[in-house]
1. For a label point 7 Å from the Cα of L147 along Cα→C-beta, name the residues of the range 31-57 whose backbone N is under 19 Å from it.
2. Using 0.36 nm per residue, how much length does the chain from L114 to V85 gain when fully extended, once their Cα-Cα distance is taken away?
3. Set the Förster radius R0 to 30 Å, insert the Cβ-Cβ distance between L52 and S123 as r into 1/(1 + (r/R0)^6), and round the FRET efficiency to 0.05.
4. Which net charge results for the neighbourhood of D98, defined as the other residues with beta-carbon distances under 13 angstrom from its beta-carbon, given Lys and Arg at +1 and Asp and Glu at -1?
5. What is the extension gain from Y93 to D45, computed as 0.36 nm multiplied by their sequence separation minus the C-alpha to C-alpha distance, in nm to one decimal?
Amino acid sequence: MKNSIFISLLAVTLFVSAQVHAQEFKPFRVDAGLGYAIPFTKGFDAGLMFYLEPKYEIAPQIAVGLRWEPALFGGGINDVEGASVNLKMSSSYMLTGDYYLNNNKFRPFAGLGLGAYSMGGVSVKTGDELGNLNQSIDGSTNFAALLRAGFDVSHFRFTLSYEHVFASETFNYLALSVGFYIGGGKN
């Protein structure tokens, strides 16, 4: 008897909360943005990243989404043996979650994501006396995690994120991004 009363009260509370939230914010939105990514792997310089993330607010301060984030990194070395150029292109596909600290116009948040991270690369090396050119292409897909924090204000989004790849040869990076979102504002 006590369990059924508790479950009934919980259901009514969730229903009322959802109704109040529905009057406050539009639940569906799409985020997009560009960023500056700093890899923690030697031989690569900072690169550019882009993201696209449709999401749905399941509660007043909790949003879940699907994130696609390609990034491009490059690096080069000139030494007595010749020159080498390395290019890496990554793409991650993640389920994400954000927790907003308030429902004001300025909304700080913290979030995380889990999913797949694909990496491909091209290395070109010149250098011996005969002018030979050596090149290699590699690629892999691994499990990855995303940690992020930032804030939304007036349909703009500012984020600091860290992407960690769980693999023997990792390519982790820190990214600072600026974006915007469509939808999700107050009704």
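Every number in this text was worked out from the coordinates using simple rules, so none of it is lab data. The model shown is predicted, which means the values in this text are computed figures rather than measured ones. Neighbour counts run over all protein chains shown; Cβ positions are idealised from the backbone, glycine included.
1. In the range 31-57, the label zone of L147 (backbone N under 19 Å from the point 7 Å along Cα→Cβ) covers 37-41.
2. Details: separation 29, 0.36 × 29 = 10.44 nm, distance 3.10 nm.
Separation in residues times 0.36 nm, less the Cα-Cα distance, equals 7.3 nm.
3. On the way: r = 29 Å, r/R0 = 0.96.
For R0 = 30 Å, the calculated efficiency reads 0.55.
4. Net of charged neighbours comes to +2.
5. On the way: separation 48, 0.36 × 48 = 17.28 nm, distance 2.29 nm.
Contour length minus the Cα-Cα distance gives 15.0 nm.
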